[in-house]
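Heads up, the thing below is written out as structure tokens.
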Amino acid sequence: PHPTDLIGQVRRALKPGGVWYLADIASAHGVRANLAENPAAATMLAFSTCLCMACAMSTPDGEGLGTLGFSIPVAKRMLGEAGFTDIEVVSEADNTRWYVVVAPAE
């Protein structure tokens, strides 16, 4: 329920210049865009409603991103807030988006 905590933990665990290969579902920004661009989006949103959101909101402070909530703008915002500055989408295939995230040199 706390993806921000996970991102922060990875940031603290990486050495300066360390690399995190991050994969997530390739989603668009917003429900309508997902439904228009992804033929599997309706199924993913159903799973999101029944499983992901239920887990994410199981605590009062859960973040509730859902299955398709980690779009590029959201990912870059959350990673940037954790201190990452070098964030690049390197691949999108088979409904998976791969990021290369590099910890800043200190």
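Basic side chains Lys and Arg get +1 at the Cβ, acidic Asp and Glu get -1 at the Cβ, and with that the dipole of the chain about its Cα centre reaches some 60 debye. The figure for GLU63 is an accessible area of roughly 70 square angstrom, using a 1.4 Å probe on the protein chains alone.
If each DSSP helix of 4+ residues adds -39,500 (n - 2.57) and the sum is divided by the residues in the chain, what number results at 222 nm, nearest 500 deg cm²/dmol?
On the way: 5 runs with 39 residues, N = 106.
Value at 222 nm, helices only: -9500 deg cm²/dmol.
If you take the Cα Rg of segment 4-80 and divide it by 2.2 N^0.38 Å, with N the number of residues, what do you get?
Working: Rg = 14.0 Å, N = 77, 2.2 N^0.38 = 11.5 Å.
With N residues counted in segment 4-80, Rg over 2.2 N^0.38 Å equals 1.22.
Normalising the Debye intensity of segment 42-106 to I(0), with uniform scatterers on Cα atoms only, and taking log10 at q = 0.27 Å⁻¹ returns -1.11.
Counting only heavy atoms of protein chains, what accessible area per residue, in Å², does the chain have with a probe of 1.4 Å?
Result: 60 Å² of accessible area for each residue.
The values are calculated or read from the model by the stated rules, or taken from the named source; none is laboratory data. The model shown is predicted, which means the values in this text are computed figures rather than measured ones. Here the Cβ is made from the backbone with ideal geometry for all residues, glycine too, and neighbour counts use every protein chain on show. SASA here: full protein model, heavy atoms, side chains in, ligands and nucleic acids out. Shrake-Rupley method; radii C 1.70, N 1.55, O 1.52, S 1.80 Å.
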